[in-house]
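The values are calculated or read from the model by the stated rules, or taken from the named source; none is laboratory data. Everything numeric in this text was worked out from a predicted model, so none of it was measured. Neighbour counts are summed over all protein chains in view; Cβ atoms, including those assigned to glycine, are modelled from backbone coordinates with ideal geometry. Calculation scope for accessible area: heavy atoms of the full protein, side chains included, ligands and nucleic acids excluded. Shrake-Rupley method; radii C 1.70, N 1.55, O 1.52, S 1.80 Å.
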Amino acid sequence: MPVHNADIAARFEEIADRLEIQGANPFRIRAYRNAARTLAELPQEARVLLEKGEDLTRLPGIGADLAAKVREIVETGHCSLLDRLRRELPPAVTELLQIPGLGPKRVKALYHDLDVQTVEQLYRAARDGRIRALPGFGDKTELNILQAVEAHVSQTHRFKLAVAAQYADTLTAFLQALPGVGQVTVAGSFRRMRETVGDLDLLVTAQAGSAVMQRFTAYDEVAEVLSAGGTRASVVLKSGLQVDLRVVEPPSYGAALCYFTGSKAHNIAIRRLAQKRGLKVNEYGVFRGSERIAGDDETSVYAGVGLPWIPPELREDRGEIEAAREGRLPRLVELSDLRGDLHAHTRATDGHDSLRDMAEAARALGLSYLAITEHSRHLTVAHGLDPLRLTRQCDEIDRLNLELEGIVLLKGIEVDILEDGSLDLPDDVLGRLDLVVGAVHSRFHLTRAKQTERILRAMDHPHFTLLAHPSGRLLEQREPYDVDMLRIIRHARQRGCFLELNAHPERLDLLDSHCQMAKEEGVLVSINSDAHSRYDFANLRYGVGQARRGWLEKDDVLNTRPLAALRRLIRRTM
DNA sequence: GCCGTTTTCGGCCCGACTGTTTTCAGTCG
């Protein structure tokens, strides 16, 4: 059983949790967490690096000791430190840390004084009133634990970006209308365009002492107020979405926006940078001693630490700070760069609108071409097209193109990639099309080797243009299928075909890390709506957000090309 | 336990809110 980076990272996290409960040196604990993060985000398996004889201490946050532990885990599947720590504290104790409000100190007290080892025992102890008797705990804490366990058991899930956007829009409008309110900005992972968000972070500028907080916590959609102070409040909406509000005075807006946008790792890196320059960065500004030298807007904060402004989508401490320092930040692709869309359906299969409706909606968004790519016959639930129906649709598109102005419809298909890697329609039919979008819609659980071979073989087909939703994941519903994405990307490069970034809010697939991989390997990515109705083109903005998180620039994106250039790129040489 | 544009030793991001205290520890973001 090969050890993956995620396995090693999980062990390091558990070590950190256990050390924390034991009250170990906090910086030693942080070292384990930093190393866990490095490993979790490492594009190559540590196991492979070791096989190649590479020096792991060159990785950030990994020194001689942790490199040796990585090696131990890879070679033996065990970590002797963790084994020892697990003997000292019962296995389930770390799960208690997942309960909001419980940190290492309280978990330690609960275990030592009440022998609480599991979430269930915690619940019983709280219900029986045994917790309030502990020193440092009280009635209120006990009640909070009880409620937190109940919420934990009922599973807090993350919200898809597009869903969170609905709440964000109405909340923003509500706050904007309050007297004394200046700017209202949604910060946090929402602003960084993460595919899902755990909560909404709202930043509001207002004069001190204004009534914003009271009005916010009294907002009609609020189900519960978690905390409320003079400048900060947290509520849970009836939908279950948590919203944090922070009120600052206008001069601190930029610094607060940086702080509240995150990511946490990015903020830490920025503050560390400031520290080296003898400065201090907090949510109120950039300070030299007690003198405030920047903070009105974000640009001034970054300038204060010697950097150009960094787009929110890049703020993950994944190399953006180094890139900024060296003047090689990407000029990220924008929605207005898109010239067309290469994946859409009509009512001929599982879409809702006509060819003409779809064409006009795409044109209204400023697009100059749209590929119609219906499902193929294998996908019977979507009334996939057989050769005859596809031929008829092609004729209809030819006729319609004579009438349409300002937009051109391209003839395509979203053809099923069958289990053996063959395509679901005959060659002569596919040959008549402008492009062939291949997709996996079945047999998601093949082995990594078989799934990868299946896709590589499909790409070998002379008419194959574009791999749709390459990972197959559905957010919060279905894990990606197991494939070797680097091999797929390299094969695409070799075969002259492309990868889709499917902008549907439930997919957002290519993943951001794979966008970066494609860019490094020189494979263009097509940001497609996968529209099933004329309204779905609006989802392109989420695809662009994801592309930006993957560092993609205009030239890295296939459908930023004008139609003539696009045609040259997608015309396959046999 | 890691790391080095003052350093191989002595640092390691910063502040708000809550609850239990009566000046602060714990937790969170």
Scan the range A:229-237 and give yes if some residue there is more than 25 Å from A:Leu314 (Cα to Cα), at pLDDT 90 or above, basic (Lys, Arg) and not in a strand (DSSP E or B), otherwise no. no
Do any residues in the range A:111-126 that are open to solvent by 40 Å² or more (accessible area, probe 1.4 Å) have Cβ atoms under 7 Å from those of residues that are outside any helix (DSSP H, G or I) and small (Gly, Ala, Ser), where the two are at least six apart or on different chains, and which pairs are they? A:Gln117/A:Ala92; A:Thr118/A:Ala92
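Can you confirm whether A:Val247 is more than 19 Å from A:Thr172 (Cβ to Cβ), of a type in the set (A, V, I, L, M) and either open to solvent by 10 Å² or more (accessible area, probe 1.4 Å) or outside the structural domain of A:Leu175 (by TED's automatic domain parsing) (or both)?
no
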Within the range A:240-294, how many residues turn out to be over 14 Å from A:Thr205 (Cα atoms), more than 26 Å from the chain's Cα centre (by Cα) and charged (D, E, K, R)? 6
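Report yes if A:Arg18 is within 11 Å of DNA strand B (Cβ to nearest atom) and basic (Lys, Arg), otherwise no. Full working, then the answer.
Values: within 11 Å of DNA strand B (Cβ to nearest atom): no; basic (Lys, Arg): yes.
When the stated conditions are applied, A:Arg18 does not pass them.
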Out of the residues in the range A:163-179 meeting the condition of being in contact with a Phe, Trp or Tyr (Cβ under 9 Å, 6 or more places away or on another chain) and under 19 Å from A:Tyr542 (Cα atoms), tell me which one is most open to solvent (accessible area, probe 1.4 Å). A:Tyr167
Taking the range A:209-221 and keeping only residues that are open to solvent by 20 Å² or more (accessible area, probe 1.4 Å) and within 14 Å of DNA strand B (Cβ to nearest atom), one is left with A:Gly209, A:Ser210, A:Gln214, A:Thr217
Just for helices (runs of 4 or more DSSP H) wholly inside the range A:1-97: which have at least 1 residues that are in contact with a helix residue (DSSP H, G or I) (Cβ under 6 Å, 6 or more places away or on another chain), open to solvent by 60 Å² or more (accessible area, probe 1.4 Å) and closer than 20 Å to A:Glu316 by Cα? A:5-22, A:26-41
Of the residues in the range A:311-336, those that are open to solvent by less than 30 Å² (accessible area, probe 1.4 Å) and either part of a helix (DSSP H, G or I) or without any contact (Cβ under 8 Å) to a residue 40 or more places away in the chain (or both) come to A:Pro312, A:Glu313, A:Leu314, A:Gly319, A:Glu320, A:Ile321, A:Ala323, A:Ala324
From A:Ala233, A:Ala206, A:Ala228, grab the single residue that is within 12 Å of DNA strand B (Cβ to nearest atom), surrounded by 22 or more Cβ atoms within 10 Å (Cβ to Cβ) and on the phi < 0 side of the Ramachandran plot. A:Ala233
For residues in the range A:427-443 being open to solvent by less than 50 Å² (accessible area, probe 1.4 Å) and without any contact (Cβ under 8 Å) to a residue 60 or more places away in the chain, which is nearest to A:Leu410 (Cα to Cα)? A:Leu433
Can you name every residue in the range A:377-430 that is closer than 24 Å to A:Leu338 by Cβ and assigned to a loop (DSSP other than H, G, I, E, B)? A:Leu404, A:Glu405, A:Gly406, A:Ile407
Mind listing whichever residues of the range A:98-109 are open to solvent by 30 Å² or more (accessible area, probe 1.4 Å), near DNA strand B (Cβ under 6 Å from one of its atoms) and at pLDDT 85 or above? A:Gly101, A:Lys105, A:Arg106
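Is it the case that A:Lys519 is open to solvent by 30 Å² or more (accessible area, probe 1.4 Å), at pLDDT 95 or above, among the basic types (Lys, Arg) and more than 19 Å from A:Pro470 (Cα to Cα)?
No.
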Could you check A:Phe260 against (1) open to solvent by 50 Å² or more (accessible area, probe 1.4 Å); (2) closer than 30 Å to A:Pro43 by Cα and say which number it fails? (1)
Could you go through the range A:351-359 and let me know if any residue there is free of Cβ contacts under 8 Å to residues at least 24 places away in the same chain, in the same structural domain as A:Ser526 (by TED's automatic domain parsing) and open to solvent by 10 Å² or more (accessible area, probe 1.4 Å). yes
So which residues in the range A:441-458 are within 13 Å of A:Met485 (Cβ to Cβ) and of a type outside the set (D, E, K, R), if there are any at all? A:Gln451, A:Thr452, A:Ile455, A:Leu456
Of (1) among the polar types (S, T, N, Q); (2) in the same structural domain as A:Ala564 (by TED's automatic domain parsing); (3) over 30 Å from A:Leu385 (Cα atoms), A:Thr346 fails just (3)
Restricting the range A:130-148 to residues that are in a loop (DSSP other than H, G, I, E, B) and at negative phi, the one nearest to DNA strand B (Cβ to nearest atom) turns out to be A:Gly138
Among A:Arg399, A:Arg377, which is the only one that is in contact with a helix residue (DSSP H, G or I) (Cβ under 9 Å, 6 or more places away or on another chain) and basic (Lys, Arg)? A:Arg377
Hey, which of the helices (runs of 4 or more DSSP H) in the range A:468-574, taking only ones fully inside, have at least 1 residues that are free of Cβ contacts under 8 Å to residues at least 12 places away in the same chain? A:485-495, A:512-521, A:563-570
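Could you check, for the range A:192-199, whether at least one of its residues is within 11 Å of DNA strand B (Cβ to nearest atom), in contact (Cβ under 8 Å) with a residue 12 or more places away in the chain, in a strand (DSSP E or B) and open to solvent by 20 Å² or more (accessible area, probe 1.4 Å)?
Yes, the conditions are met somewhere in the range A:192-199.
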Cβ-Cβ under 6 Å pairs, at least 6 apart or on other chains, the range A:152-173 side at pLDDT 85 or above, far side open to solvent by 40 Å² or more (accessible area, probe 1.4 Å): A:Leu161/A:Glu195
